[in-house]
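See below for the structure under consideration.
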Amino acid sequence: MRASPGDTIVAISTAVGPGAIAIVRLSGARSLEIADSVFRGSSNLSGAPSHSVHHGHVFDADGREADEVLATVLRSPSTYTTEDMVEFGCHGGAMPARRVLEVCLDAGARLARRGEFTERAFLSGRLDLVQAEAVADVVGAKTRRGLEIALGQLEGGLSGRLWKLRTSLLDVRAEIEAQVDVGSDEVQPGGPDVVLAAIATSRGLVAELLSRCELGIAVRDGISVAIVGRPNVGKSSLMNALLMRDRSIVTPLPGTTRDAIEEFLHLEGVPVRLIDTAGWRDATDEAEQAGVERARAAAAGAAIVVLVVDASTGVGSADDMIASELEPARTVIVGNKIDLGAKLGSDELAGALGGSWSCAACVSAKEGEGLDELRGLLVTAALGSPPGDEEAHLTNVRHVVALKVVDATLARAAQLTLDGAPPEVVAVEVADAAAALGEVTGETTPEDVLERIFERFCVGK
Ligand SMILES: Nc1nc2c(ncn2[C@@H]2O[C@H](COP(=O)(O)OP(=O)(O)O)[C@@H](O)[C@H]2O)c(=O)[nH]1
Ligand SMILES: [Mg+2]
């Protein structure tokens, strides 16, 4: 086991660098004893009630002052880790917290590993693994919506649904066991139909969870959007217009953008990596040719591709050629330069390009017209579903993978039941499903996976 619960651990829990305050955090059975051995204030911390704050000074073993602090006493079990904790609020900056940390280490505390405070909260059962992972997502949230989803998970929204699924799997098992127990001279209650119905209920819960994963993952990790099209249609202008600043060089000369240029922005709470690319054409030199190859690679790797065409002139064979390389399901067609008079509306544009394009917008990158509509289209294209209740989204690929295993094993269990397999055989599949679910919540997560999860945290969390 990675954790050594006997130890009292210590770490600086605030970011390093200039700031008003920094916090040094102790957790473990000896927290109060260690804190008292370094702290001098008007009263003894060991005698203080939980959730009380005390002014004083921290001294090292030689009696030299490390810092003036506010000590917060937090008693087990109502603490982050469920253990006794003391937090020293130090002056900010690089040195004060470091000195207090050193003094605590000298007094017998051990330096905490990454994520060890949260790991202790998990090992004590205060948080399940989904909630513990949500802590890292709260800290790492890049947008307001990402934060809301992570907070929902931390507060148990997703865990609640996973527990419901767990209960439902227990029901399946109970139905199967009923089949096993039934002696030959008794009437089988319901028979395989009852088992099939119970499996279907569980699979329904899994499907509901999986249906929300794309949105959740997009909100957490962001999506990449590549802007492609033939030269001079206004790709760089569109990039700048969406960013609302001049990031990409715009000129009337075709072939200006050579390298792919990336920039980060938020679209309705979703972090987006926007990539402006070189215009696709038979390039005039080696550097431009390399740029075109990069543009192709960017389009292949992006979640969403924006194909820009010139709506004032209409589409031609050069546009058709590019369109033929793109997947309609993840492409948004943009007719640009409508300020010059649009030859075609958005539907006509999509029609003119052939293929089954479902998403098209007409804009003027120059005048800013139609950009709001385009932003909306991009979000819908990326998320697939409109943002709804935030608390139960899957945001973690690990969870998605495990739930797909749950679904696959349940599908096998259903097939075996239909095929008339003995209940014992079906039970094995259902046990596998339960084990896969247990890996999500942390009940059966292998040690090395746990280690990797907590290593992603910062020290002091
Ligand atoms: N009138 C008009 N001109 C535009 C618009 N967007 C881009 N342009 C012009 O088209 C030319 C090419 O633009 P640029 O963004 O460099 O195109 P890119 O080669 O596709 O990146 C420049 O002269 C832009 O000023 C637009 O919406 N309206
Ligand atoms: Mg350009």
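Most tightly packed first, judged by the mean number of other beta-carbon atoms within 10 Å of their residues, the peptides 90-103, 123-136 read 123-136, 90-103. Taken over the chain, the ratio of Cα radius of gyration to 2.2 N^0.38 Å equals 1.29. Taking the centroid of alpha carbons for each part, the range 249-321 and the range 92-136 are 46 Å apart. Give the angle, between 0 and 90 degrees and rounded to the nearest 10, that separates the Cα long axis of helix 371-383 from the longest principal axis of the Cα atoms of the chain. That helix lies at roughly 60 degrees to the long axis. Axis of helix 157-181 versus longest Cα principal axis of the chain: the two differ by about 80°, to the nearest ten degrees. Residue by residue, the range 437-447 carries 3J(HN,Hα) couplings of 5, x, 5, 6, 7, x, 5, 10, 5, x, 3 Hz when phi is fed to the Karplus relation 6.51 cos²θ - 1.76 cosθ + 1.60 (θ = phi - 60°); x denotes Gly or Pro. For the range 4-114, taking Cα atoms only, Rg and Dmax work out to 12.5, 34 Å respectively.
Think of each Lys and Arg Cβ as +1 and each Asp and Glu Cβ as -1; about the Cα centre, that makes the dipole of the chain roughly 1140 debye. In degrees, nearest 10, range 0 to 90: what is the angle between the Cα axis of helix 129-140 and the longest Cα principal axis of the chain? Compared with the principal axis, the helix lies near 60 degrees.
Helical runs assigned H by DSSP (4 residues or longer) give the chain a calculated mean residue ellipticity at 222 nm of -14000 deg cm²/dmol, each run adding -39500 (n - 2.57) before division by the residue total.
Convex hull volume of the C-alpha atoms in the range 235-355, normalised per residue: 116 Å³. On full extension, the segment bounded by Ser37 and Asp339 gains 101.3 nm, given 0.36 nm per residue less the C-alpha separation. Farthest towards the positive end of the charge dipole of the chain, among the residues Leu123, Ala107, Leu371, is the Cα of Ala107, using unit charges on the Cβ of Lys, Arg, Asp and Glu. Ordered from longest to shortest, the equivalent ellipsoid semi-axes for the range 316-461 are 47, 24, 13 Å, each the square root of 5 times a Cα gyration tensor eigenvalue. Taking packing as the residue-averaged number of other Cβ atoms within 10 angstrom, the listed peptides 277-283, 245-251, 329-335 run from highest to lowest as 329-335, 277-283, 245-251.
We did not get these values from a lab; they are worked out from the coordinates using the rules stated. Remember, it's a predicted structure, so these values are computed and weren't measured experimentally. All Cβ positions, glycine included, derive from the backbone under ideal geometry; neighbour counts span all protein chains shown.
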